[in-house]
Amino acid sequence: MRLAAFSRSQDIVTHAATPMPLSLHAAAALSGTVAVPGDKSISHRALMFGALAVGETRIEGLLEGEDVLATAAALRAMGATIERRGAGAWAVHGVGVGGLLQPRAALDMGNSGTSTRLLMGLVASHAVTATFIGDASLSRRPMGRVIEPLSRMGASFASAPGGRLPATLTGACPALPIRYLLPVASAQVKSAVLLAGLNTPGRTTVVEAIATRDHSERMLRGFGAEVSVEETPEGRAIAITGEAELRPQAITVPGDPSSAAFPLVAALIVPGSRVTIANVGLNPTRDGLVRVLRMMGADIVAANPRSVGGEPVADLVVTAGPLRGIEVPPEVAPSMIDEYPILFVAAALAQGRTVMRGLEELRVKESDRIAVMAAGLAACGVAVEELPDGLIVEGRGGDPVPGGATVAGHLDHRIAMSFAILGLRAAAPIVVDDAAPIATSFPDFLPLMARLGAVQMPNAGA
Ligand code: S3P
């Protein structure tokens, strides 16, 4: 069962009106080979950069999740032609840097923080006024982190209190180049400023003290932009020279390591399992979960290492086995920031205590992922201690968690998938109250887990 209906003509994908409870169960070991969908971060960027190149950009392996479709719809509303030619195969005819048009209606970003923040960057240096709206989760998330640097570049904003959506942005043309030291480790903020820099005369520089995912830098170079990266005493300084001309590209999107994380942890915690997850992106700014799970004793082999679309990729062969609790080094956080909910699940099944700190950013994701995971794990019988910046989890030493709870997902796809996976190693069923948000990033999560042997419990939550 797919979680969302995909409409070829207009890409409108809507959550089911009524909540879809979900409970997974593993009657036996998991086995088989699966491939996860395209990387969400790379998919957004491929569409955006294609929309700013003149000519046809062809994309293979695009993630057809709701978040990416929100980006496609917004780019169309600003003049790009974007067509779906087959499963994951898309073509984009761009308007050229500087060529974005005034959208006629508010841009609906759904649940997607990446769409919102990166598109605000694009609009900030165009002569365009755009209003951004989103769902209840997105409307709670802070946009001040992009409003601040983009205002310095000359854009003006009217937002809901606290720098939240709805927000109306009027771009500056010409915008002013800035040098910006990132106050939070955020690839979205870095990318927003660099994308604004594309249509800004001169050099726009972002300095990051802690490295975050570098897909924007890699892909902008591929599209022909002048991007330099330099180590400085303040950190990595990434400079883009505007006004850039982007050349259309053929892009193959590698599989998303943030989606692979769910079947990966499932294979580790269900005894006797052996699973291969093909085509997983292992960019060093994204592979923190694999490194941390190996520190916990996980048997994960990266087979057939290769390069796909300029990104390192491998097939992960995962064998179940005991995990031990560790102190997770806080500096690994940016390279696995979206993977903490599923790491908390792995920690719940490990031997001993796992301490995870340096995670303040988790409080402003699609939900407050520290509080929501702590509450859900406690409801499932796992001993946890919530810290202002992290979580301590007392592992069950490999025994199943008690379970027998209904957990609130708070419109957060990764919370819903994490508790669905925990249900595979629970004495009594764990029900996720609403699985619909999974369609934002991983529409085929359920069929993929079913292929590995996970069983969907009927009448979940009834
Ligand atoms: C993303 C960056 C990260 C990540 C998000 C995708 C991106 O957010 O959590 O899912 O594509 O740049 P932050 O930049 O807020 O850390």
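Any residue at all in the range 383-391 that's over 22 Å from the mean Cα position of the chain (by Cα), open to solvent by less than 50 Å² (accessible area, probe 1.4 Å) and more than 16 Å from the ligand (Cβ to nearest atom)? Steps first, answer last, please.
Here is the first cut: in the range 383-391, the residues over 22 Å from the mean Cα position of the chain (by Cα) are 383-388.
Retained after the next criterion (residues that are open to solvent by less than 50 Å² (accessible area, probe 1.4 Å)): 384, 387.
Narrowing further to those that are more than 16 Å from the ligand (Cβ to nearest atom): 384, 387.
Yes, the range 383-391 has at least one match.
Listed residues 371, 375, 379; which is open to solvent by 20 Å² or more (accessible area, probe 1.4 Å), in contact with a helix residue (DSSP H, G or I) (Cβ under 8 Å, 6 or more places away or on another chain) and over 19 Å from residue 459 (Cβ atoms)?
371
When the residues of the range 185-208 are narrowed to those that are farther than 13 Å from residue 119 by Cα and within 11 Å of the ligand (Cβ to nearest atom), which ends up surrounded by the most Cβ atoms within 10 Å (Cβ to Cβ)?
My answer is 187.
Let me confirm something: among 53, 72, 26, which residue is open to solvent by less than 10 Å² (accessible area, probe 1.4 Å) and either assigned by TED's automatic domain parsing to the domain that holds residue 267 or more than 22 Å from the chain's Cα centre (by Cα) (or both)?
After ruling out the rest, the residue left standing is 53.
Filter the range 88-144 for residues that are hydroxyl-bearing (Ser, Thr, Tyr) and either at pLDDT below 95 or more than 13 Å from the ligand (Cβ to nearest atom) (or both); which is least open to solvent (accessible area, probe 1.4 Å)?
So in the range 88-144, the residues hydroxyl-bearing (Ser, Thr, Tyr) come out as 112, 114-116, 125, 129, 131, 137, 139.
Now narrow it down to the ones that are either at pLDDT below 95 or more than 13 Å from the ligand (Cβ to nearest atom) (or both): 125, 129, 131, 139.
On the way: 125: 0, 129: 52, 131: 45, 139: 37 Å².
Here the residue is 125.
Please find, among 260, 211, the residue that is open to solvent by 20 Å² or more (accessible area, probe 1.4 Å) and under 19 Å from the mean Cα position of the chain (by Cα). Write out each step before concluding.
Details: 260 fails: open to solvent by 20 Å² or more (accessible area, probe 1.4 Å).
Only one candidate qualifies: 211.
Which pairs turn up if I take residues in the range 399-419 that are touching a residue at least 24 places away in the same chain (Cβ under 8 Å) and look for partners that are outside any loop (DSSP other than H, G, I, E, B) and acidic (Asp, Glu) with beta carbon separation below 8 Å, at least 6 apart in sequence or on another chain?
From residues that are touching a residue at least 24 places away in the same chain (Cβ under 8 Å), the pairs are 414/338.
Could you tell me whether residue 162 is open to solvent by 50 Å² or more (accessible area, probe 1.4 Å), out of contact with any Ser or Thr (no Cβ under 7 Å at 6 or more places or on another chain), assigned by TED's automatic domain parsing to the domain that holds residue 78 and not in a helix (DSSP H, G or I)? Walk me through it before giving the result.
Details: open to solvent by 50 Å² or more (accessible area, probe 1.4 Å): yes; out of contact with any Ser or Thr (no Cβ under 7 Å at 6 or more places or on another chain): yes; assigned by TED's automatic domain parsing to the domain that holds residue 78: yes; not in a helix (DSSP H, G or I): yes.
Against the criterion (open to solvent by 50 Å² or more (accessible area, probe 1.4 Å), out of contact with any Ser or Thr (no Cβ under 7 Å at 6 or more places or on another chain), assigned by TED's automatic domain parsing to the domain that holds residue 78 and not in a helix (DSSP H, G or I)), residue 162 qualifies.
Pairs needed: first member in the range 175-197, among the aromatic types (Phe, Trp, Tyr); second member anywhere, crowded, with 24+ Cβ neighbours inside 10 Å and assigned to a strand (DSSP E or B); C-beta distance under 7 Å; at least 6 residues apart or different chains.
180/206
For the range 148-159, state whether one or more residues are touching an Asp or Glu at 6+ places or on another chain (Cβ under 7 Å) and over 18 Å from residue 245 (Cα atoms).
Within the range 148-159, none of the residues are touching an Asp or Glu at 6+ places or on another chain (Cβ under 7 Å) and over 18 Å from residue 245 (Cα atoms).
Can you pull out the residues in the range 198-236 that are of a type in the set (A, V, I, L, M, F, W, C) and in contact (Cβ under 8 Å) with a residue 60 or more places away in the chain?
Here is the first cut: in the range 198-236, the ones of a type in the set (A, V, I, L, M, F, W, C) are 198, 206-207, 209-211, 219-220, 223, 225, 227, 229.
Listed by number, the residues that qualify are 198, 210, 211, 219, 220, 223.
Quick check, is residue 266 at pLDDT 95 or above, of a type in the set (Gly, Ala, Ser) and either away from the ligand (no atom under 14 Å from the Cβ) or more than 30 Å from residue 58 (Cα to Cα) (or both)? Walk me through it before giving the result.
Values: at pLDDT 95 or above: yes; of a type in the set (Gly, Ala, Ser): yes; either away from the ligand (no atom under 14 Å from the Cβ) or more than 30 Å from residue 58 (Cα to Cα) (or both): yes.
Answer is yes for this residue.
Tell me which of these residue 182 doesn't satisfy, since it passes every other one: (1) in contact with an Asp or Glu (Cβ under 7 Å, 6 or more places away or on another chain); (2) within 15 Å of the ligand (Cβ to nearest atom); (3) over 26 Å from residue 359 (Cβ atoms).
(3)
The values are calculated or read from the model by the stated rules, or taken from the named source; none is laboratory data. Computed from a predicted model, the values in this text were never measured in an experiment. Every residue, glycine as well, gets a Cβ built from its backbone with ideal geometry; the counts of neighbours run over all protein chains shown. Heads up: the accessible areas ignore ligands, DNA and RNA and are worked out on the full protein's heavy atoms, side chains in. Shrake-Rupley method; radii C 1.70, N 1.55, O 1.52, S 1.80 Å.
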